Amino acid sequence: LQTAIASLETYKNFFEGQGELAPSGVWVARYQVRQPQKAYWYYKLQASSPSFTTTGKAPKLSKYKHLGKAGSEAHVAGVMAVARRTIVSELQKTIDSLKNSLLDISFDSELKDI
């Protein structure tokens, strides 16, 4: 178990070092803008609560961060940030589960010694 935990922690550290992690509760959303005889698709980061600082004279928090067209640098960075956050979150859940299993094994062996 300790080897597995160490491996998972190595993977987690690797993904954390690859770039920004999207905050919890943030996802990539696709939306359409219509103009006469044309429709454009854009992407944004969307949060369940205001998380993104707006630009301007009086910055405030917003639930949205515009990413632009598909394939734009901001779009790819946003998708990757959400993917990294998901991977790191799942790795942490697995690490926690294995640590609990390790505690169970330790506790069970203590009971046998009684």
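Taking 37 °C and 0.692 mPa s as conditions, the chain diffuses translationally at an estimated 191 µm²/s according to Stokes-Einstein applied to its Kirkwood radius (Cα pairs). The distance between label points at residue 96 and residue 16 comes to 1.4 nm (points 7 Å beyond Cα on the Cα→Cβ vector). Ranked for footprinting exposure by Cβ neighbours inside 10 Å, fewest first, 53, 94 give 53, 94. On a 0 to 90 degree scale, rounded to 10, what angle separates helix 2-16 from the longest Cα axis of the chain? Approximately 20 degrees, to the nearest 10. Cross-chain or 8 or more residues apart, Cα under 24 Å: how many lysine pairs in the chain fit that? Count them up, please. So the count works out to 11. Each peptide in 33-40, 11-18 receives the mean, over its residues, of other Cβ atoms within 10 Å, and ordering these scores from highest gives 11-18, 33-40.
Coupling constants for the range 50-62 follow from the phi torsions by the Karplus curve (6.51 cos²θ - 1.76 cosθ + 1.60, θ = phi - 60°), and in residue order they are x, 9, 10, 7, 7, 9, x, 5, 10, x, 9, 8, 10 Hz; glycine and proline get x. Dipole magnitude for the range 2-113: computed about the Cα centre from +1 point charges on Lys and Arg Cβ and -1 point charges on Asp and Glu Cβ, it is near 1240 debye.
Readers should treat all values here as calculations from the given coordinates under stated rules, not as data from a laboratory. Every value quoted in this text rests on a predicted model; they were computed, and no experiment measured them. Neighbour counts run over all protein chains shown; Cβ positions are idealised from the backbone, glycine included.
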